[in-house]
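Rule-based calculations on the coordinates, nothing more; no lab input. Small disclaimer: the values here were computed from a predicted structure and weren't measured. A quick note on method: Cβ atoms are made from the backbone with ideal geometry, for glycine too, and the neighbour counts reach across all protein chains shown.
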Amino acid sequence: MNSLLSITLTEMNTASFSIDANYHLDAKVPPGPLEQKWQHFKSNSRLVSPANRKKYHIIVVGTGLAGASAAASLAEQGYNVSTFCFQDSPRRAHSVAAQGGVNAMKNYQNDGDSVFRMFYDTLKGGDFRAREANVYRLAECSAHLIDQAVAQGVPFAREYSGYLANRSFGGVQVSRTFYARGQTGQQLLLGAYQAMMRQVGLGKIKSYSRHEMLDLVVEDGMAKGIIARNLDTGELGRYAAHAVVLATGGFGKIYYLSTLAMGCNGTAIWRAHKRGALTACPSWTQIHPTCLPQSGSHQSKLTLMSESLRNDGRIWVPKRKNESRAPIDIPEEERDYYLERRYPAFGNLAPRDISSRAAKERIDAGYGVGKMKNAVYLDFKDAIHAQGKETIRKKYGNLFDMYHKITAVDAYQSPMLISPAAHFSMGGLWVDYELGTNIPGLFAIGEANFSDHGANRLGANSLLQACVDGYYILPYTLPHYLAALSGEPVPSSRSEAFGIAEHEVNNSLQQLLTIQGTRTVDDFHRELGKILYDKCGLIRSENGLKEAIKEIDELMGEFYQNLKIPGRHDEMNDELEKAGRVADYLEIGKEMCIDALSRNESCGAHFREEHQTPEGEALRNDKEFQYTSCWKYDKQKPMLVKEPLQFEVVTPTERNYK
Amino acid sequence: MMRFNLKIWRQQNPKDKGHFETYTVDEVTPDMSFLEMLDKLNEALIIEGKSPVAFDHDCREGICGQCGVMINGRAHGPLNQTSTCQLHMRSFIDGQEITIEPFRARAFPVKKDLKVDRSAFDQIIAKGGYISVNTGQAPEANHTLIPSEQVEEAFDAASCIGCGACVASCKNASAALFTAAKISHLHKLPQGQPEGPFRVKQLVKAMDDLGFGACSNTGACEVECPQGISISHIALMNRLYFKT
């Protein structure tokens, strides 16, 4: 068996990737017991004195929760910060769309929560594929975030008594989620944005909206700045700094149909990858179970319906295939509440990867509902009966309204139709414990990195990670890096490296414009999305992935021969912007498939058809795959570097939610 | 399948005078969103070798505030409390002519076609639309109890998405609703009150300096606000301003 396996691996290696066993990756995890590691780092880290901080320049790309909170916190300390975002205001970054909540270990509910339990839930939720020390720190720093957000004016839900309220999210058995109606992301982002704008007003932050980073400048092996394009004028600019922080979010929009904003992209991290930064587990994508189903080919996105709805909504499909009756006409005994049936302990609050696969299993088996038979029901009938319509309206009113606007269906009367959709990138740039990439001076925070969520992120941990990285970790680890530069001046943007990077960006833009073929960017993007959904989505297989790699290669070939973009590069040109992102998506898509192919096991959201338990659950192979897959860029054949995952405190077990 | 005649504002750049152009889109379905209808038009224009219509949009779920156009003279179109991206073609009549223009205001110069520059909103916030608390300073969150109703009132104001429909709908192009919503959000919370007088003075001055007009209480902004933010916040802003 083992020898067979190694033969298959060798075959795959020669086909699509190679392994670098000598590359040394230092995760920089501090010594000492788990609960003292962060203290240890903070007690021993280097500092920059208040008078010297203004001499250091920091670039932060992306102004969502991670970017805005990091920029504000660093500027408050006295550093000079420049922020960049492609949106027309920092406040519009996609953190704004997060609905349900943010987790924090306050144990206000006295229901058995602790830092250790939160750490364990998150590690287990991620199917034991994250670094223990990082995850522990996330739980440890979570409590103060709530204090900070409240002080900024974030209107979290409260009880009549005035105390903060909580609810539950998937994959846990305590109530540790804080929420602000169904707009928690918006309110947390406004808090961070306002903190950032305060520093703009004070002259400590220079904010560049409508600027997109198109390259990372690396000199002497260190990050020295970026090339960014002014999206209103088309002008390229060189921006130099002592350190560059990428807080550019996830790239789930690679699937074309996703819950992400139209502009979300992987360009910044991919261009950094091409300059030497390692990616980690790029194929680990969260497909969110509760989104609006696709209703036609015109569709540009799939709207998320918050996981919080699963606190009160029950998910079901008819027991009969090709059911044609309206849901309210289907009697109770003819309904299959499949999550409650399969996972009685967690029921409708089973984790996202498991809930999505369970939905796909029912849909593929012919029990799907809706016009395209691609959905399941999320029903509030029992909750409305037990709690009253007004209570449900108060909890979820804006979500019901949103559902009504999009579908013209009243979900108080008839169950919602929901379906899984691409939502979150667990994978991203590889970072060490200090959130630094393998390029000194380049940091990655929030969804842009691979750090805390392993192979599956728990609901309401995404806002948390973005905030903890930005407010509490980077403001300690970045100064630790800067202090070692011992007063070096700001790098010059007139250097050769800046010149070459700008020239290359310019050339790649011109190249896209000169193709003048017959297909639009969106058309290519839709095709790529379909390949990835079918073959590198909820379920993957060796054959499917190999086909996908071939198909993406062909699509990439056609892209560079048959793309059509109107207009010029030295003006506002939306199609050119999109083309650059899709060019990168094609390469990212291929690396995702290679990553998924190389991991010959199932874990979390990465479900390889060949590796499942008799009950159809993900079957890990800790003996061979207890490592983070890190990738060195190569357009044809990326190189795999393994960071072994060592578990000193917990013992990985089979993830059980029954 | 539906068919529409579109009359769209085309303007090459901020200096161009601009003009209307008419287009026809067919094979529109009722469950297509308004922006997906524009996507369809743009894909056809690109294939024909013409310049697509530039419009702002991002999240397409009504929360980022980046989209927003005037549709038949109404900001965000015919439905109340609905942003442009959440509008669907079932809200229009087959064969109807639809006029699409940018949000117009002196403080919102047109950048291209339907895109306008709303950075003046960021500048207002930078003048004091915040609570001055550094990372790390905050006390334990449950130390200050805030009754649920009070938080909900603050939330009503805090839900502003910064789209600018209020400005575009106002005959004076006033930013009073946007500014008042921020003042009111922070004022209604105990932690926002110490800086209250400073904030209201700063924000009102910023709004005047940036070229927004005065509020004459017509209430048009409230009608068009996709979040349904009430003009009672403007009354509160005025009261607080006179107190300073």
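Quick notes
- Per the Debye calculation on the protein assembly as shown with a single equal scatterer at every Cα and no solvent contribution, log₁₀ I(q)/I(0) for q = 0.06, 0.08 Å⁻¹ amounts to -0.37, -0.69.
- Footprinting exposure proxy ranking of A:T613, B:T82, A:T63, A:T233, fewest other C-beta atoms within 10 angstrom first, gives A:T613, A:T233, B:T82, A:T63.
- Across the stretch B:2-111 the C-alpha pair distances fall into 10 Å bins from zero in the proportions 14, 48, 33, 5 percent.
- Nonlocal amide H pairs with A:Q286, under 5 Å, H built at 1.01 Å: A:H423, A:F424, A:S425, A:M426
- Order of A:I254, A:I328 under a 10 Å beta carbon neighbour criterion, fewest first: A:I328, A:I254
- Cα-based helix-to-principal-axis angle, B:196-209 vs chain B, degrees rounded to 10: 30
- J(HN,Hα) series, the stretch B:2-10, from Karplus relation 6.51 cos²θ - 1.76 cosθ + 1.60, nearest Hz, glycine and proline x: 10, 9, 9, 9, 10, 10, 10, 6, 10
- Amide H contacts under 5 Å for B:R10: B:H19, B:F20, B:E21, restricted to partners 5 or more places along the chain or on a different chain, H placed in the peptide plane at 1.01 Å from N.
- For A:D312, B:D113, A:D220, the sequence from fewest to most other C-beta atoms within 10 Å is A:D220, A:D312, B:D113.
- Projecting the Cα atoms of A:P415, A:I328, A:C291 onto the dipole axis of the stretch A:288-421, where Lys and Arg carry +1 and Asp and Glu carry -1 at the beta carbon, places A:C291 farthest toward the positive end.
- Compared with the dominant Cα axis of chain B, that is its longest principal axis, helix B:232-243 is turned about 40°.
- Within 10 Å of each Cβ in B:174-186, the average number of Cβ atoms from other chains: 1
- Cα centroid separation, the stretch B:20-46 to the stretch A:602-658 (Å): 45
- For chain A, the membrane-span-like helix rule (DSSP H, alpha carbon extent of at least 24 Å along the helix axis, mean Kyte-Doolittle at least 0.0) picks out A:132-152, A:184-201; this says nothing about an actual membrane.
- Adding -39500 (n - 2.57) for every DSSP H run of four residues or longer, then dividing by how many residues the protein assembly as shown holds, sets the calculated 222 nm ellipticity at -11000 deg cm²/dmol.
- Reference-scaled alpha-carbon Rg (2.2 N^0.38 Å with N residues) for the stretch A:141-278: 1.34
- 3J(HN,Hα) along the stretch B:33-39: 7, 4, 6, 5, 5, 5, 4 Hz, from the Karplus curve 6.51 cos²θ - 1.76 cosθ + 1.60 with θ = phi - 60°, whole Hz, x for Gly and Pro.
- Taken as Cα centroids, the stretch A:373-445 and the stretch A:290-342 sit 14 Å apart, rounded to the nearest whole angstrom.
- Remark on B:S174: its backbone amide H falls under 5 Å from those of B:G213, a criterion applied only to residues 5 or more positions apart or on other chains, H modelled at 1.01 Å from N.
- Couplings for the stretch A:171-180, taken from phi via the Karplus curve 6.51 cos²θ - 1.76 cosθ + 1.60 with θ = phi - 60°, read x, 9, 10, 10, 9, 10, 9, 8, 8, 10 Hz in order; Gly and Pro are left as x.
- Folded to 0 to 90 degrees: helix B:176-187 orientation relative to chain B principal axis, Cα: 40
- Across the stretch B:2-111, the mean sequence separation of Cα contacts (distance under 8 Å, 6 or more residues apart), normalised by length, yields a relative contact order of 33 percent.
- Centroid-to-centroid separation of the stretch A:144-178 and the stretch A:245-278 [C-alpha atoms, Å]: 30
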